[in-house]
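The block underneath contains the structure these notes are about, expressed in structure tokens.
Read-outs throughout are calculated quantities, based only on the coordinates presented, and are distinct from any laboratory measurement. Predicted model, so just to flag it, every value in this text is computed and none were measured. Ideal geometry is used to build each Cβ from the backbone, glycine not excepted, and the neighbour counts take in all protein chains shown.
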């Protein structure tokens, strides 16, 4: 298929997913790799069968939301009140259309609800009970909030509750609260999706970067697509996903922009995070200043996955 920009070059699809940037313990590393590879495989199937980039990122993130390894959907962390609150966003780089949901507690796949908000409503963001009512009217699966809680997270919540440790110390060393995917399809269009259960033991109602356009995600066919993960309060301060897209628009490669985005985060905030980035021609960028970033991507026809720990915190 020819490039729609008229350059006469074939479009090669591309896909990257991530499963969070944090100090992933050894006993979770293999599950994180396999989960990311599985999500990449599903998204890649969609792309190679001619599906859109939006189709691919939704499909990939649904796999991650259904995997109890990650803090999104099944396996999400609990608030200090013992509930689970889920956020998600999806964005279409072809027209900058987007949909996001915030603080839903009973939606099995928040990324799919975000897409329905994008395509079937006049709004960009729905939150809480209103978002769940919209999901119900749209025929999406609703499940009890308790159904998202896995034993690992229930035990962790109970232990911290018993310790009486201050909230601000509880997320230290725990997941970067996010999963995400970026894709380029055969028509040359980009898309991104990001989904999260938030930070462990957060105050009810806390919203991080993930569902906020330009922070947790951004996609624009004129520049690139980015999904971010890490400490949301810091990622928001630098509007990291839009900032990285702007750097690509000005001529940086995906990797150069990813490195510059993490550099900006480190210089201007106390937070840590990670990024997966696709340029408008499909070049890949991955960077982080956390100990690990779980990820997978496609190179040629091979799915490559890992937890990416290298001294300078960047992908090579």
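Can you quote the Å³ per residue value for the convex hull of the Cα atoms in the stretch 78-208, rounded to an integer?
Given the Cα convex hull of the stretch 78-208, per-residue volume reads 116 Å³.
Please compute the length gained on full extension between residue 34 and residue 222, using 0.36 nm multiplied by the number of residues separating them and subtracting their Cα-Cα distance.
Gain on extension, residue 34 to residue 222, equals 64.4 nm.
Compute the orientation-averaged projected area for the stretch 35-147 from the convex hull of its Cα atoms and round it to one decimal in nm².
For the stretch 35-147, the mean projected area of the Cα convex hull comes to 7.2 nm².
Quick one: work out Rg over Rh on the C-alpha atoms of the stretch 14-296, Rh as Kirkwood radius.
Checking Rg against Rh, the ratio lands at 0.94.
Would you mind classifying the stretch 213-316 by shape? Square roots of the alpha carbon gyration tensor eigenvalues, ordered a ≥ b ≥ c; an a/c under 1.5 is rounded, otherwise it is prolate if a/b is larger than b/c and oblate if not.
Verdict is oblate for the stretch 213-316.
So what is the relative contact order for the stretch 14-296, in percent, with contacts set as C-alpha pairs under 8 Å and at least six apart?
25
I need the peptides 282-289, 126-133 ranked by packing, meaning the mean over residues of other C-beta atoms within 10 angstrom, with the highest value on top.
Highest to lowest by the protection proxy: 282-289, 126-133.
Please determine, in degrees from 0 to 90 and to the nearest 10, the orientation of helix 254-268 with respect to the longest principal axis defined by the Cα atoms of the chain, where the helix direction is its Cα long axis.
40
Per the Kirkwood definition applied to all pairs of different Cα atoms, how many angstroms is the hydrodynamic radius of the stretch 49-90?
11.5
Pairing the Cα long axis of helix 240-249 with the longest principal axis of the chain, what angle in degrees results, from 0 to 90 and rounded to the nearest 10?
10
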